[in-house]
Amino acid sequence: MEDLVVELSGSYRQQGRQHGEALAAVIQEIVSEVVTWEKFEQPERVEWVMGLLETNLRDLAPGVLEEIQGIAEGSGLPYRDILALNVIADIWQAQRFCSAMGWADTPDGPIIGKTNDIGQHKEKYHQPFRRRSGDGLPAVWATWPGTVWSNCFVNERGLAFGGASLGMQARNERGIGSNCMLRVIMDRCGTVEEVVKLCDRIPVMHHPAHNVYCDLQGTLAALELTPEGTYVCQGPGVSYARATNHFCPGPFEGRDSGEQRHIENSKKRFANLQRLAETLPHTVEGMLDVVRDHAPEGQICQHGNADMWSSTAYVAVPSQRRLLIGRGQPCEAQFMEVVL
Ligand SMILES: [Zn+2]
């Protein structure tokens, strides 16, 4: 695994170039798989969403935009394609992917587990990175090659994150892509309290997210990050927090968009995560059992349930600045570690 890790350092522009150079071939493959200009139903809307991302990143997180430019330069791919890749979740309005859970009370302090449900044979989409110096807080994280996102991270100050997608018909033309927002949080925040403050200051554009964060002060919370604002739906002061793909009771409850069968699948996983949190030992091993779970109702490691397949899983251990990554179906994957 260590030889898979891409090391970044220096300015945001330099980090982007290093990322683009190291992963040029796989970024090219991913761009050709997802940035399908000929298949976008409303190309003018895609251009509009890309324009919003560019303008709003320039205002709110210019380093991240520099990094996108660096990725294009390093990979030799058109800037327009890399920008479209970075806003693809807001173009697609994907809403049905992933589960996440945090435990506040393990012998190793708070930890987070997460599955990623983007489909079968998607290992190449789960790339580990490490930054020990340069712009942004030092961190270990994983994301799609070519993106300034973060699927799961632990940073130097001990903030950890894992999340899941939500669906909602809403937009904020002043916002940035929520996947890019995760990188802004990783780069700037060290505590859950700082995350909540930053989310109140920087809006997200379209794609809402159900995010679990924990920090070294022992704070654990789940947030609903939406174009209409952020809501802390669980914690602080809880021993566990969960995230699947529907809104919790609160201001956004019932606003879920998308197909009913996906919402039902999400609710079953949410209930199963509660059962697992209440029955499994709160340890790193216990969390590995969560991401590999095959319960008859609401299984977390998905095998085609409502067309969802788990393609990777993570466990973040902030006290050790350690990320465990199992690429492939979580029940079969070998978990390897990346340490800051
Ligand atoms: Zn499985």
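The values are calculated or read from the model by the stated rules, or taken from the named source; none is laboratory data. Note that this is a predicted model, so its numbers are computed, not measured. Cβ coordinates were reconstructed from backbone atoms using ideal geometry, including for glycine residues, and neighbour counts include every protein chain displayed.
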> Hey, any hits in the stretch 249-268 for a residue that's crowded, with 21+ Cβ neighbours inside 10 Å and closer than 16 Å to Pro110 by Cα?
Replying inline: no
>> Quick test for you: out of Val31, Val35, Val6, pick the one residue that is surrounded by fewer than 19 Cβ atoms within 10 Å (Cβ to Cβ) and under 23 Å from Arg327 (Cβ atoms).
In response: Val6
> Within the stretch 75-87, can you find the residues that are in contact (Cβ under 8 Å) with a residue 12 or more places away in the chain and surrounded by fewer than 24 Cβ atoms within 10 Å (Cβ to Cβ)?
Replying inline: Gly76, Leu77, Arg80, Asp81, Leu83, Ala84
> Of Leu159, Leu216, which residue is touching a Ser or Thr at 6+ places or on another chain (Cβ under 8 Å), within 22 Å of Pro110 (Cα to Cα), surrounded by fewer than 24 Cβ atoms within 10 Å (Cβ to Cβ) and touching a residue at least 60 places away in the same chain (Cβ under 8 Å)?
Replying inline: Leu216
>> Suppose the filter is surrounded by fewer than 20 Cβ atoms within 10 Å (Cβ to Cβ), within 16 Å of the ligand (Cβ to nearest atom) and either under 19 Å from the mean Cα position of the chain (by Cα) or not in a helix (DSSP H, G or I) (or both); does Glu297 pass it?
In response: yes
> If you take the residues in the stretch 302-324 that are at pLDDT 95 or above and either basic (Lys, Arg) or in contact with a Cys (Cβ under 8 Å, 6 or more places away or on another chain) (or both), which one is nearest to the ligand (Cβ to nearest atom)?
Replying inline: Ala313
>> For the stretch 1-39, give me each residue that is of a type in the set (Ser, Thr, Tyr), under 18 Å from Arg183 (Cα atoms) and part of a helix (DSSP H, G or I).
In response: Tyr12
> Is at least one residue of the stretch 225-243 closer than 17 Å to His210 by Cα, touching a residue at least 40 places away in the same chain (Cβ under 8 Å), within 16 Å of the ligand (Cβ to nearest atom) and within 20 Å of the chain's Cα centre (by Cα)?
Replying inline: no
> What are the residue pairs meeting all of these: first residue in the stretch 297-318, first residue under 16 Å from Ala333 (Cβ atoms) and basic (Lys, Arg), second residue near the ligand (Cβ under 10 Å from one of its atoms) and assigned to a strand (DSSP E or B), Cβ atoms under 8 Å, and 6 or more apart or on different chains?
Replying inline: none
> Can you name the residue in the stretch 283-294 that is closer than 10 Å to Gly113 by Cβ and more than 11 Å from the ligand (Cβ to nearest atom) and is also surrounded by the most Cβ atoms within 10 Å (Cβ to Cβ) among such residues?
Replying inline: Met287
>> Of all residues being in a loop (DSSP other than H, G, I, E, B) and surrounded by 15 or more Cβ atoms within 10 Å (Cβ to Cβ) in the stretch 269-282, which is nearest to the ligand (Cβ to nearest atom)? Just the residue, please.
In response: Leu280
